[in-house]
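Take a look at the structure below.
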Amino acid sequence: MKPSFEEIKKELKQRNINLSHQRLKVLEYLAQNQCHPTVDQIFTALQNEIPTLSKTTVYNALRILIETGLVRVITIEDNETRYDIEVEYHGHFKCESCGTIYNFSIDIDCLTSEDLNNFKISDKNVYFKGICPRCL
């Protein structure tokens, strides 16, 4: 379930993380846009509202949100890092036609392999690619 902007703001305050205007705007953008944006998309969307915003500031805000576990990095394509405010385990489907990324529910704990019994798994990701219903 996607957390609300207010819930994340409260969590940041509880962790004594400075709520600068730029961090709040990046957070607000992520909370309001379930599009799995890239840094460029976030920067472009906020640039008119915050003329002094830099990509470095966006990267730094995202780094803090990731370190606190409030945002996840998703990498469906090797050359494309995206950010997801929904941190509970779920899968992603990327349409190869329109590029839209969809969330879907999955019991990720059922995905196991005896070949990995002696491994410590720190992250699990499920990605599918294909054509979405709108593009079919």
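The values are calculated or read from the model by the stated rules, or taken from the named source; none is laboratory data. Source: prediction; values computed, not measured. Here the Cβ positions follow ideal geometry from the backbone for every residue, glycine too, while neighbour counts run over all protein chains shown.
Report the residue count in segment 48-59 for those that are under 16 Å from Leu30 (Cβ atoms) and not in a loop (DSSP other than H, G, I, E, B).
Counting residues in segment 48-59 that are under 16 Å from Leu30 (Cβ atoms) and not in a loop (DSSP other than H, G, I, E, B) gives 4.
Only one of Ser54, Ser20 is touching a Phe, Trp or Tyr at 6+ places or on another chain (Cβ under 9 Å), surrounded by fewer than 16 Cβ atoms within 10 Å (Cβ to Cβ) and either of a type outside the set (D, E, K, R) or under 24 Å from Tyr102 (Cα atoms) (or both); which?
Going through Ser54, Ser20 in turn, the sole match is Ser54.
Which of the residues spanning segment 101-129 are without any contact (Cβ under 8 Å) to a residue 60 or more places away in the chain and either of a type in the set (S, T, N, Q) or at positive phi (or both)?
Ser105, Thr112, Ser113, Asn117, Asn118, Ser122, Asn125
Restricting to segment 105-115, what's the tally of residues that are more than 19 Å from the chain's Cα centre (by Cα), surrounded by 10 or more Cβ atoms within 10 Å (Cβ to Cβ) and modelled with pLDDT of 85 or more?
Result for segment 105-115: 0.
Checking the condition farther than 25 Å from Ser4 by Cα, surrounded by 14 or more Cβ atoms within 10 Å (Cβ to Cβ) and of a type outside the set (Ser, Thr, Tyr), which residue from Cys95, Cys135 passes?
Cys95
Hey, among the residues in segment 73-99 that are outside any strand (DSSP E or B) and not acidic (Asp, Glu), which one's nearest to Ala31 (Cα to Cα)?
Ile85
Of all residues being of a type in the set (D, E, K, R) and either more than 23 Å from Ser105 (Cβ to Cβ) or touching a residue at least 40 places away in the same chain (Cβ under 8 Å) (or both) in segment 1-17, which is surrounded by the fewest Cβ atoms within 10 Å (Cβ to Cβ)? Just the residue, please.
Glu6
Here's a check for you: in segment 36-49, which residue that is of a type in the set (Val, Ile, Thr) and loosely packed, with under 15 Cβ neighbours inside 10 Å is modelled with the lowest pLDDT?
Among those residues, the one meeting the criterion is Thr38.
Closer than 26 Å to Leu46 by Cα, modelled with pLDDT of 90 or more and either out of contact with any strand residue (DSSP E or B) (no Cβ under 9 Å at 6 or more places or on another chain) or outside any strand (DSSP E or B) (or both): which single residue out of Leu62, Leu70 fits that description?
Leu62
Any chance segment 66-82 includes a residue that's outside the structural domain of Val126 (by TED's automatic domain parsing), loosely packed, with under 13 Cβ neighbours inside 10 Å and hydroxyl-bearing (Ser, Thr, Tyr)?
Within segment 66-82, one or more residues are outside the structural domain of Val126 (by TED's automatic domain parsing), loosely packed, with under 13 Cβ neighbours inside 10 Å and hydroxyl-bearing (Ser, Thr, Tyr).
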